[in-house]
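I have placed the structure first, in the form of structure tokens, so that the comments after it can refer back to it.
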Ligand SMILES: Cc1cc2nc3c(=O)[nH]c(=O)nc-3n(C[C@H](O)[C@H](O)[C@H](O)COP(=O)(O)OP(=O)(O)OC[C@H]3O[C@@H](n4cnc5c(N)ncnc54)[C@H](O)[C@@H]3O)c2cc1C
């Protein structure tokens, strides 16, 4: 790295009041919230890649709160209050997205969410427990029955000319929606630029050292050392490298695979579909493409990584499920020329982490598979927490 010029030091590399590490949904929305509350604050977002390269631009684009098999598993694991509270936060996030962004260019379509269940034993269990689940969700969604069994659906009608209907239970809620995650992040970046938020793209933060306000050190090969009054770490699944070893919360990277078809003839499927506690998910993209992803539960230890890359095991399983569900057509790898991976942050429990890692270094992340709905609230709470303690401003 060459020595920085005085001109660079006093502009691009100027030490900010708040440095936000990671330009994903959480970091960008936290930056906007900081500026909204305190317009004179100097906010710098630092992103390792040329474009935001985390989960926010590589997800499936579901604005969702979870299917019945996932919610019933949460109910058993964490109890009714915790399950309802998790849905409440996700549902609030969906409503906020709808209010703030649905009218803008993010391809927002509210066709609702579905869950497909194709295991006879689980079908019986879910049918028996659906009244209990709906009763718990009633005060959250305001609907008498949030999830209802459906028979006449686009799922069953898809490829009806040549496909036998699958023997499955299909449940629907009218509240979930889909969007284009790349367009949402682009729009947030534009809003940040308009609000006067600064950016440093293309340089990885390699280490952080907490300290007094104004003395937090941010090191990276692309700039050397920057100082900030406060740092907000929103790198989600990539957080471990930047956290002290005694950070108490588990933040575990898990890789997910996504397959996207070329345009398909006679394609009628619409909506966001969950399968097997959300481990598998699929949706339409536009009028004629199918996106399917997930199956990390089939990948075992090979999915426990923060490195992008393909994984033949979950990818083969996704094709296998399509061939089961839509047997009138043979699905092969060739149907999905576009495929990518993304890294989610898992941990113990369903709630995101919001906690100081060291003096003036706050961590906001671990949004698992629901960050589209949850990131606005987490970003807002992170901004509030930072502003409670920002005292040493230039
Ligand atoms: C395949 C997949 C499908 C998903 N589907 C859905 C879905 O349909 N609905 C839903 O609600 N959620 C979904 N999620 C989860 C959702 O995408 C995430 O919860 C959310 O995007 C997290 O946002 P974030 O801003 O916290 O983190 P990220 O978007 O991961 O952003 C972190 C940013 O930090 C940057 N970074 C990392 N390390 C450093 C460093 N050292 N220095 C500088 N920058 C760094 C990264 O490049 C990245 O841009 C999915 C996730 C994946 C992977």
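The values are calculated or read from the model by the stated rules, or taken from the named source; none is laboratory data. What you are looking at is a predicted structure, and each value in this text was computed from that prediction instead of being measured. No Cβ is skipped: glycine too gets one built from the backbone with ideal geometry, and neighbour counts run over all protein chains shown.
Taken together, the criteria place residue 53 among residues that are near the ligand (Cβ under 9 Å from one of its atoms) and in the same structural domain as residue 222 (by TED's automatic domain parsing). Taking the listed residues 126, 87, 116, the one that is in a helix (DSSP H, G or I) and in contact with a strand residue (DSSP E or B) (Cβ under 8 Å, 6 or more places away or on another chain) is 126, with no other qualifying.
Going by the structure shown, is residue 321 surrounded by 14 or more Cβ atoms within 10 Å (Cβ to Cβ), more than 10 Å from the ligand (Cβ to nearest atom), touching a residue at least 12 places away in the same chain (Cβ under 8 Å) and under 22 Å from the mean Cα position of the chain (by Cα)? No, not satisfied.
Annotation note: Cβ proximity below 6 Å between a residue of segment 50-71 that is assigned to a helix (DSSP H, G or I) and a residue that is near the ligand (Cβ under 7 Å from one of its atoms) (sequence gap 6+ or interchain) occurs for no pair. Of all residues in segment 326-338, at least one satisfies being at pLDDT 95 or above and within 16 Å of the ligand (Cβ to nearest atom). Each residue in segment 240-272 was checked for being at pLDDT 90 or above, more than 15 Å from the chain's Cα centre (by Cα) and either surrounded by 17 or more Cβ atoms within 10 Å (Cβ to Cβ) or closer than 20 Å to residue 114 by Cα (or both), and 9 of them qualify. In segment 40-49 there is at least one residue that is in a loop (DSSP other than H, G, I, E, B), outside the structural domain of residue 130 (by TED's automatic domain parsing), within 14 Å of the ligand (Cβ to nearest atom) and over 17 Å from the mean Cα position of the chain (by Cα). Of the listed requirements (1) modelled with pLDDT of 95 or more; (2) out of contact with any helix residue (DSSP H, G or I) (no Cβ under 7 Å at 6 or more places or on another chain); (3) surrounded by 15 or more Cβ atoms within 10 Å (Cβ to Cβ), residue 351 misses just one: (1). Considering segment 32-46, the residues that are crowded, with 24+ Cβ neighbours inside 10 Å and touching a helix residue (DSSP H, G or I) at 6+ places or on another chain (Cβ under 8 Å) include one that is nearest to residue 21 (Cα to Cα), namely 45.
Of all the numbered requirements in (1) away from the ligand (no atom under 12 Å from the Cβ); (2) buried (at least 16 other Cβ atoms within 10 Å of the Cβ); (3) assigned to a helix (DSSP H, G or I), residue 26 misses one, and that requirement is (1). The residues of segment 221-236 that are surrounded by fewer than 24 Cβ atoms within 10 Å (Cβ to Cβ) and not in a strand (DSSP E or B), listed by number, are 221, 222, 223.
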